[in-house]
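Written out below as structure tokens is the structure these notes cover.
Each value in this text was obtained by applying a stated rule to the coordinates, not by laboratory testing. The model shown is predicted, which means the values in this text are computed figures rather than measured ones. Note that each Cβ is placed from the backbone with ideal geometry, even for glycine, and that neighbours are counted across all protein chains shown.
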Amino acid sequence: MEYLVKSAAAESQRTGCLVLGVFEKRRLTDTAKQIDGVAGGQLTAILGSGDMDGAAGQTLLLHGLPGVTAERILLIGLGKEKSLNERAFRQAVQSMSGALSGCGARDVWCALADAPPRGRDCDWAIRDAVQQCESLLYRFDTCKSKKGKPLPNARKITFGVASADAVAAARDACKAGLAIGHGVNAARELGDLPANICTPVYLADQAKKLGKRFKSVSVEALDEKAMEKLSMGSLLAVGRGSREESRLIVMQYKGAGKSDPTHVLVGKGITFDTGGISIKPGAGMDEMKFDMCGAASVFGAMQAVAELELPVNLVGIVPAAENMPDGLAIKPGDIVTSMSGQTIEILNTDAEGRLVLCDALTYAERFKPASVVDVATLTGACVMALGHHKHGLMGNNTAVVNKLLAAGRTAADEAWQLPLGEEYDEQLKSNFADMANIGGRPAGSITAAQFLARFTGKYKWAHLDIAGTAWKSGDQKGATGRPVPLLVQYLMDQVGS
Ligand code: BES
Ligand code: MN
Ligand code: ZN
């Protein structure tokens, strides 16, 4: 889909479909009022006939309105003006997208940015609408012999803005929305791919593809031998029970000068998590193909940043492995030595995410990072604590944590902070090694982060637990592409763009 921004009169657009918002009860948004004016009050009359009152989710498609050059008019119910928040706005965009897919219009003029959610501006609305429209076009049919739902006929959506002065900023917003949408979809595709296709080596190949696509991105994938040289005993331990080779994928984007700060993103890349010898129960185990969604979000963010040519330096690190049980697999009680030199007693082989992340976090030191953010489907406990709506967030630096919280709010991809502290750290005590890899049932998400904190003493660090937010279960089963919007916003905020 192509997205444009223009400041021109909506009523004189030769467009296949003009999309207008209507608040409850039959309150027209600005552009809708204009159209109503040139159409001699026809919109008001139609609404008055009882076909639509503007409730959220309602749509009404009209043809041949007098005085209007558009072939069709699509009215979208926005609900009560007072309760137009981000969710309601997204619902409106979704309604638009749904209605457009069943309509013949090839190009669309969209005036929904007339009605941004409360506290947001028109640019936010355009960016979010573009991001969402792009994400609504996503279909996972890579593995289907027949293609699924057809794509809409529309090829082009133009957003109308009020004045010529507003065009430049709105175009930037549009560009950002598109790049983030692409990043979200890239992350969803990787997440949705089954684990027999999306292996650690496959992820490494995808990274190399990204490196080929963008001159600004260089990629390196360390194989097991290279990791052994670096003494990544913890990362390597996780893949021992798998026929699939592990990889440490390193992507470097250079968008700023050498002396400018470098930010690092680390993504958990467990391409399948059986639990290992501490094997998981069978029900729903297929969803553990999503255990690389942290990695997928790092890929997605990296791609969006490269597409936007953001003036930052960014390194993406993905420790990728498959957690399987076999004769070589790690066993409860095994002790491994991490790259940092610290030893770990593996009391539960299902707490494998932290085992791959800790060596990646030590590896991150070499980039002298201004900040390190790791993203991981780390704990079931996080799903219990926060459900499927907000990411869990912990860190060793208040400024970085606050920036991530703010970025999540800006991008409407929110995180919620959980505490860290010595008292939790004590739960990791081991009688036989420097630490255990589990801290018992209480505060499972926090003790997991406490484990990671032991490897992040040399820089400012934060951890996003996306176990509840990275994918959906049930009939909507699939990766969400979160937290790509949050991550890209965080990086945009670093450079004030
Ligand atoms: N990948 C899982 C976490 C997970 C579980 C994410 C369910 C989403 C839904 C992780 O590797 C894991 O198994 N964690 C264990 C840790 C425990 C053994 C300390 C968990 O959460 O049960
Ligand atoms: Mn696990
Ligand atoms: Zn896992």
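By other beta-carbon atoms within 10 Å, ranking K225, K390 with the fewest at the front produces K225, K390.
Restricting the trypsin sites (Lys or Arg not before Pro) of the range 18-79 to loop positions (DSSP other than H, G, I, E, B) with no more than 13 neighbouring Cβ atoms within 10 Å leaves K25. Amide H contacts for V161 (H built 1.01 Å from N in the peptide plane; partners 5 or more residues away or on another chain; cut-off under 5 Å): K6, S7, A8. Beta bridges from DSSP with both residues in the range 381-497: antiparallel share about 65 percent, rounded to the nearest 5. Our note on the geometry: Cα centres of the range 51-66 and the range 222-245, 59 Å apart.
Dipole of the chain, Cα-centred, from +1 at each Lys and Arg C-beta and -1 at each Asp and Glu C-beta, to the nearest 20 debye? Here the size comes out at about 960 debye. Subtracting the Cα-Cα distance of K280 and C143 from 0.36 nm times their residue separation leaves 46.7 nm of extension gain. A crude spin-label estimate for the pair D326 and R118, with each label 7 Å from Cα along the Cβ direction, gives 5.8 nm. Exposure proxy for F367, F432, F159: other Cβ atoms within 10 Å of each Cβ, ordered fewest to most, give F432, F367, F159.
R243 sits among other residues whose Cβ lies under 10 Å from its own Cβ, and their net charge, with Lys and Arg +1 and Asp and Glu -1, is -4. Counting neighbouring Cβ atoms within 10 Å and putting the fewest first, the residues C110, C103, C358 line up as C103, C358, C110. Relative to the current alpha-carbon distance between T69 and T44, full extension at 0.36 nm per residue lengthens the span by 7.2 nm.
3J(HN,Hα) along the range 386-391: 10, x, 9, 10, 10, 6 Hz, from the Karplus curve 6.51 cos²θ - 1.76 cosθ + 1.60 with θ = phi - 60°, whole Hz, x for Gly and Pro. For the range 266-356, what is the relative contact order in percent, using Cα pairs closer than 8 Å and at least 6 residues apart in sequence? RCO, the range 266-356: 40 percent.
Here the dipole of the range 31-146 is about 360 debye; that uses its Cα centre as origin and unit charges on the Cβ of Lys and Arg (positive) and Asp and Glu (negative). Of all beta bridges that DSSP places with both ends in the chain, some 40 percent have antiparallel geometry. Length available on full extension from A169 to E81: 0.36 nm per residue minus the Cα-Cα distance, which gives 29.2 nm. Its DSSP H runs of at least 4 residues, each contributing -39,500 (n - 2.57), put the calculated 222 nm mean residue ellipticity of the chain at -10500 deg cm²/dmol, to the nearest 500.
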